[in-house]
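Quick notes on the structure that follows.
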Amino acid sequence: MKKIPDKEILLFKSCLVSVEYPGIESSTKYVFDKLGIEYIVDDRQSCCTGLGYYYDLFDQFSTTALAARNFAIARQTNHKNIATMCATCYAILKKSCNILNKNDNVRGKINEIFEDSKLGELKYTVDEFDSRNNIFHTAEILFNKADEIEEAPKIDLSQFKVASHHACHYCKVHYKDTIGNLRDPMIIETLAKSCGVETVDWYDYKRTTCGAGFRQRFTNLDLSLSVTTDKLLSLKENNVDILIHMCPNCQMQFDRYQPKIEEMLNTKFNIVHLNISQFIALAFGADPYKVIGVQTHTVPLDPILEKIKLNQTICYERFSGL
C-alpha cells in the first residue's frame, strides 16, 4: 500500500471547484486544519488543463509542460506531495508525471522551452516526482486519518441514508493506485463510517459514470442524462438522502441536472449532493454557508440542515475549545 502523507502537501486548486463549488476547497481546508494536516496553497499554480484536454483543446505535450511547471512550484515550496480536490486533476497530473519520467524526448523538449524562456528553475529532473507517492486525491489524505475523524466530536448524521459515487478518473484510470477494491472502491464508505454513518454498500449502477463525459453533457445531452437518470432512480429505490462525491464534475452533473430530470420524469428524488470534504466538514460542525458553501448548490440542503440544527449548536461549542 502506498504511503499517504499528512504534511508537506500542496493543495492543488481546481477550476471547477473554484467556479462551481468553492465550498469544497474551504471545507477541505477546514477539515485539514482540524486534523492537523500541514498544507499550503500557491497562487502561482495553473490549471491542470483537464477540461481543455478532454475537449481536445489542449494536446498532451502542452498539458505535460504545464504539469512540469506546477511540479516545479511544489518543489520550490518544499511541498512535493500534491493533493487534488478533483479526480480529473488527479488523473491528469499522474499521467503527466509518468510521461516526464519515462519519455526522455518529451522531458527534454519541455526543459528546452523553460531554458529558452529564461525559466530554467522550472526544469524537470527525471524521477523528481513519483506519480504513486507524490500525487494524491484529498480523499486519500482523509482516508489516512479515518481513525482520527472517528474519534473527533461530531454532529450525529446517522439519521440520513448515504451512498457514494466514486469518480471514474480516480478509480478507472490509474486503477493500480486506487485504494481498496478497484471494482468497488470503499474509500468514501470508510470515511462516512468514520463520521458515524452507515452507507448503502451496493446499488444498481453504482459503478457507472455520472454521465457527464465532459463534452457529452453539451453535445449529446439526452444520452448524458439517461446515464445520470439510471443512477438517480436506483438511489431513489434505496431511499438515499445524501450522495457523496469526490469530483466536482460528477457533483455538477447530479446537482445541477437533478431538477431537470425530476421535471422530465415528474418525480422527486430528494437527494442532496456533497463532496466528501463537505460531508466531513458538516459532521465536524462547520458553518453551512461560510465553509461548506451550500448556497452554491442547485439542490437545496435545507432539509438536511433543518434536521441537524439542534445538534449543530452543541458541536460548535465542543469545537470552540480546539
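The values are calculated or read from the model by the stated rules, or taken from the named source; none is laboratory data. Keep in mind that this is a model prediction, so the values were computed, not measured. All Cβ positions, glycine included, derive from the backbone under ideal geometry; neighbour counts span all protein chains shown.
Whenever a residue of segment 271-284 is surrounded by 24 or more Cβ atoms within 10 Å (Cβ to Cβ), its partners that are small (G, A, S) and part of a helix (DSSP H, G or I), lying with C-beta atoms within less than 6 angstrom and at least six residues away or across chains, give the pairs I276/A139; S277/S27; Q278/G23; Q278/S27; A281/S27. For segment 144-192, the set of residues classified as among the polar types (S, T, N, Q) and either at pLDDT 90 or above or surrounded by fewer than 16 Cβ atoms within 10 Å (Cβ to Cβ) (or both) consists of N144, S158, Q159, S164, N181, T190, listed by residue number.
So, D222, is that one modelled with pLDDT under 95, over 17 Å from C168 (Cβ atoms) and outside the structural domain of Y53 (by TED's automatic domain parsing) or not? Yes: the conditions hold for D222.
Taken over segment 102-127, residues that are free of Cβ contacts under 8 Å to residues at least 12 places away in the same chain and either β-branched (V, I, T) or in a helix (DSSP H, G or I) (or both) amount to 8. Restricting attention to segment 155-170, the residues being over 12 Å from the mean Cα position of the chain (by Cα) and either under 14 Å from Q278 (Cβ atoms) or not in a loop (DSSP other than H, G, I, E, B) (or both) number 6. The numbered conditions (1) hydroxyl-bearing (S, T, Y); (2) within 30 Å of R215 (Cα to Cα); (3) at pLDDT 95 or above are all true for T77 except (2).
Scanning segment 128-140 for residues that are outside any loop (DSSP other than H, G, I, E, B) and either buried (at least 24 other Cβ atoms within 10 Å of the Cβ) or at positive phi (or both) yields I135, F136, H137, T138, A139. When residues in segment 27-48 are screened for being within 13 Å of V291 (Cα to Cα) and aliphatic (A, V, I, L, M), 1 of them pass.
Of all residues in segment 261-304, which are out of contact with any helix residue (DSSP H, G or I) (no Cβ under 9 Å at 6 or more places or on another chain), assigned to a helix (DSSP H, G or I) and under 25 Å from R217 (Cα atoms)? E263, the sole residue that qualifies.
L235 meets all of the listed conditions (1) within 19 Å of the chain's Cα centre (by Cα); (2) in contact (Cβ under 8 Å) with a residue 60 or more places away in the chain but one, namely (1).
So is A67 at pLDDT 95 or above, surrounded by 23 or more Cβ atoms within 10 Å (Cβ to Cβ), in a helix (DSSP H, G or I) and assigned by TED's automatic domain parsing to the domain that holds P22 or not? In short, yes. The single condition among (1) surrounded by 16 or more Cβ atoms within 10 Å (Cβ to Cβ); (2) within 18 Å of the chain's Cα centre (by Cα); (3) small (G, A, S) that S46 does not satisfy is (1). The residues listed here are Q76, Q45; of these, the one that is within 30 Å of I149 (Cα to Cα) and of a type outside the set (A, V, I, L, M, F, W, C) is Q45.
Among residues of segment 178-205 that are assigned by TED's automatic domain parsing to the domain that holds N133 and of a type outside the set (G, A, S), none has a Cβ under 9 angstrom from a residue that is assigned to a loop (DSSP other than H, G, I, E, B) and surrounded by 15 or more Cβ atoms within 10 Å (Cβ to Cβ) at a sequence gap of 6+ or on a separate chain.
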